[in-house]
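The values are calculated or read from the model by the stated rules, or taken from the named source; none is laboratory data. Remember, it's a predicted structure, so these values are computed and weren't measured experimentally. Cβ placement follows ideal geometry from the backbone for every residue including glycine, while neighbour counts extend to all protein chains displayed. All accessible areas refer to the heavy atoms of the entire protein, side chains included, with ligands and DNA or RNA removed. Shrake-Rupley method; radii C 1.70, N 1.55, O 1.52, S 1.80 Å.
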Amino acid sequence: MSSKNKRLLCALATVFGGFSLLLFTTITKDILFKNLSLCSSTGLELVFGSFTMFTAAVTAGFITSLIVVRKTHLPHILLSLGVLAKMSIMANCSYLTGAFLFELGVNSSLILGLWLGNYSALKFPLAPVS
């Protein structure tokens, strides 16, 4: 595979992985748990919602690894930096200071889920190898 194809595949994996992470977390927060937040959700909803968002991140990390054929970690690094950027932007907003630790935990689990998805794709025996 040429260098140009590898870069294109890496860019495609980053875009598709970011889109799938955004889509899966939006489905979890807004559709399954109807605006999941620390202030308005019950404890059980927070536990299941956080676990579902972690599962969404694992799925997005797995998909991203399969797109780049398990060759590079660059899309996962970029997606992790994107989650960190989102977390730092939200930390600057004054209306989220009460729920900062909850958001920190959720975003940390998203990053952990991305990398766990990457690891699971590396160990997946039916994944394509080039």
query: Of (1) open to solvent by less than 80 Å² (accessible area, probe 1.4 Å); (2) over 18 Å from Leu23 (Cβ atoms); (3) modelled with pLDDT of 90 or more; (4) of a type in the set (Phe, Trp, Tyr), Phe54 satisfies all except one. Which?
result: (2)
message: So Val129 ticks every box in (1) under 18 Å from Leu23 (Cβ atoms); (2) at pLDDT below 90 but one. Which box is left unticked?
response: (1)
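Return the residue satisfying two criteria in turn: it lies in segment 1-24 and is of a type in the set (S, T, N, Q) and either modelled with pLDDT of 90 or more or in contact with a strand residue (DSSP E or B) (Cβ under 7 Å, 6 or more places away or on another chain) (or both), and of such residues it is farthest from Ala60 (Cα to Cα).
Taking segment 1-24 as the starting set, the residues that turn out to be of a type in the set (S, T, N, Q) are 2-3, 5, 14, 20.
Within this subset, residues satisfying the condition of being either modelled with pLDDT of 90 or more or in contact with a strand residue (DSSP E or B) (Cβ under 7 Å, 6 or more places away or on another chain) (or both) are 14, 20.
On the way: Thr14: 10, Ser20: 6 Å.
Checked segment 1-24; the qualifying residue farthest from Ala60 (Cα to Cα) is Thr14.
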query: Which of (1) outside any loop (DSSP other than H, G, I, E, B); (2) out of contact with any Leu (no Cβ under 7 Å at 6 or more places or on another chain) does Thr52 not meet, given it meets every other one?
result: (2)
query: How many residues are free of Cβ contacts under 8 Å to residues at least 60 places away in the same chain, assigned to a helix (DSSP H, G or I), crowded, with 16+ Cβ neighbours inside 10 Å and not β-branched (Val, Ile, Thr) when one looks only at segment 17-44?
result: 3
message: Return the residues of segment 57-66 that are among the hydrophobic types (A, V, I, L, M, F, W, C) and open to solvent by less than 40 Å² (accessible area, probe 1.4 Å); say none if nothing qualifies.
response: Ala57, Val58, Ala60
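Residue check: is Val69 modelled with pLDDT under 85 and buried (at least 16 other Cβ atoms within 10 Å of the Cβ)? Give the derivation first.
Values: modelled with pLDDT under 85: yes; buried (at least 16 other Cβ atoms within 10 Å of the Cβ): yes.
Yes, satisfied.
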- prompt: Would you call Phe48 modelled with pLDDT of 90 or more and more than 16 Å from the chain's Cα centre (by Cα)?
  reply: yes
task: Check Leu79, Leu36, Leu104, Leu96 and return the single one that is farther than 23 Å from Pro125 by Cα, of a type outside the set (Lys, Arg) and modelled with pLDDT of 90 or more.
output: Leu79
